[in-house]
Amino acid sequence: MKTNENISREHLEYLKGKKKNKVFITIARIMVIVVFFALWEILADLEVIDSFLMSSPSRIIKTTADLIKSGTLYTHIRTTLYETIMGFLIATAVGTVFALMMWWSETFRKISEPYIIVLNSLPKIALGPIIIVWFGSGTKSIIFMTFLVTVIITIITMLNGFMACDENKIMLLKSMGANKFQILVRLVLPSSIPTFISCLKINVGMAWIGSIMGEYLSSKEGIGYLIVYGGQVFKLDLVMASTVILCILAGVMYALVALLEKILVKK
C-alpha cells in the first residue's frame, strides 16, 4: 500500500515532468522560428532564392526600421488594430446574442437557419462595393466588413455550443421547477464557456481577415493598405514586412484570448 509520502513524491515527479515538457515545447516553438528565418536569410544571401521577390529577414528589419523612423508605422498599426478589435467585439457580441435567441426559440431557429447558411456561403468580398456605398470609403466600411466576416461564424459556433448542452441535466433542472431563463443562466451559459473561448480563437483569425480584406478594398492607411501599396509599386520588402507585423499582431491577440481561457476555464 502506498504511503502519503510516496504519493506526494510521485505527484511532484509528475509536476516536474509536466513543467519540463512545457519548457521543451516553448523552446521548440522558438527554435522553429529562429531556424526558419536563419534559413531564409542564408538562402537569400547565397542567391538560392531571389531576395527581390522573396525578400529576406534583414531587408524586412530594415524596412520596418524605416517605417518606424518615418513615424508612419504606428499610425498604420493603430488603424488596423482599431478596425480589427471593433469588428471582433461587435461581431462576437451580436453573434452570441443572436445564437441565444435561436436557442431560446425553436421556431426562430428553424426560420433563421437557412438564411444563416446562405450568408455563410456568400463570398463577403462580393459585397465590398455595396458596403462602400453604404458606409463610405473608410473605417466604418472596414469595420462592417470585419463584422460581416466574423458574425456568421460566431452564430454557428455558439449555437452549436448551446445546443450541445446535456439534455439529461436540462430535464433534471426542469423536474426541479427551473424555468427556461434559470436553465440558461445556471446550466447552458456556464457549460458553453469552452465553446465561447473556441469561438474567440476562431474570431481572432476571422477578424484579421475581415479588416485586411476591407483595407484591400478601401483604405488610405493600415497594414492592409501597406500590403496593397507595396504590391502596386513592387516594394516587396514592404509587403513582407507588413505581413510579418500582421502575424505578430494576430499572435498577440490570440495570446490574450489564451490568457482569458486560463482565467475562465479551470482545468
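The values are calculated or read from the model by the stated rules, or taken from the named source; none is laboratory data. Model, not experiment: these values are computed from the prediction. Cβ placement follows ideal geometry from the backbone for every residue including glycine, while neighbour counts extend to all protein chains displayed. The protein model used for the area step is the full one, side chains on, heavy atoms only, and it has no ligands, DNA or RNA in it. Shrake-Rupley method; radii C 1.70, N 1.55, O 1.52, S 1.80 Å.
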**Request:** Pull up region 132-141, narrow it to residues that are without any contact (Cβ under 8 Å) to a residue 40 or more places away in the chain and part of a helix (DSSP H, G or I), then point me to the one that is least open to solvent (accessible area, probe 1.4 Å).
**Result:** Phe135
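Looking at Ile30, Ile68, Ile77, which is the one that is under 17 Å from Ala241 (Cβ atoms), β-branched (Val, Ile, Thr) and without any contact (Cβ under 8 Å) to a residue 24 or more places away in the chain?
Ile68
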**Request:** State whether the residues of region 142-152 include one that is open to solvent by 90 Å² or more (accessible area, probe 1.4 Å) and of a type outside the set (Gly, Ala, Ser).
**Result:** no
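Modelled with pLDDT under 90 and in contact with a helix residue (DSSP H, G or I) (Cβ under 8 Å, 6 or more places away or on another chain): which single residue out of Gly231, Gly177 fits that description?
Gly231 is the lone residue from the list that is modelled with pLDDT under 90 and in contact with a helix residue (DSSP H, G or I) (Cβ under 8 Å, 6 or more places away or on another chain).
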**Request:** Could you give me the residue pairs with C-beta distances under 7 Å whose first residue belongs to region 208-235 and is of a type outside the set (Gly, Ala, Ser), whose second residue is assigned to a loop (DSSP other than H, G, I, E, B) wherever it lies, and which are 6+ apart or on separate chains?
**Result:** Glu215/Gly222; Tyr225/Ser219
**Answer from Glu261, Glu215, Glu221 - the residue that is open to solvent by less than 20 Å² (accessible area, probe 1.4 Å) and of a type in the set (D, E, K, R)** = Glu215
**Message:** Within region 225-248, does at least one residue satisfy the condition of being open to solvent by less than 80 Å² (accessible area, probe 1.4 Å), in contact with a Leu (Cβ under 7 Å, 6 or more places away or on another chain) and closer than 28 Å to Phe196 by Cβ?
**Reply:** no
**Of the criteria (1) in a helix (DSSP H, G or I); (2) within 26 Å of Ser70 (Cα to Cα); (3) not charged (D, E, K, R), which one Ala255 fails** = (2)
**Request:** Please indicate, with yes or no, whether at least one residue in region 23-34 is in contact with a helix residue (DSSP H, G or I) (Cβ under 8 Å, 6 or more places away or on another chain), open to solvent by 70 Å² or more (accessible area, probe 1.4 Å) and of a type in the set (A, V, I, L, M, F, W, C).
**Result:** no
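Take region 182-205 and flag every residue that is assigned to a helix (DSSP H, G or I) and open to solvent by less than 50 Å² (accessible area, probe 1.4 Å).
Passing the criteria: Ile183, Leu184, Leu187, Val188, Thr195, Ile197, Cys199, Leu200, Asn203, Val204, Gly205.
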**Prompt:** For region 86-118, what are the residues that are over 17 Å from Phe181 (Cα atoms), open to solvent by less than 70 Å² (accessible area, probe 1.4 Å) and either polar (S, T, N, Q) or not in a helix (DSSP H, G or I) (or both)?
**Reply:** Thr92, Ser112
**Request:** Answer yes if at least one residue in region 120-127 is closer than 30 Å to Ile183 by Cβ and surrounded by fewer than 19 Cβ atoms within 10 Å (Cβ to Cβ), and no otherwise.
**Result:** yes
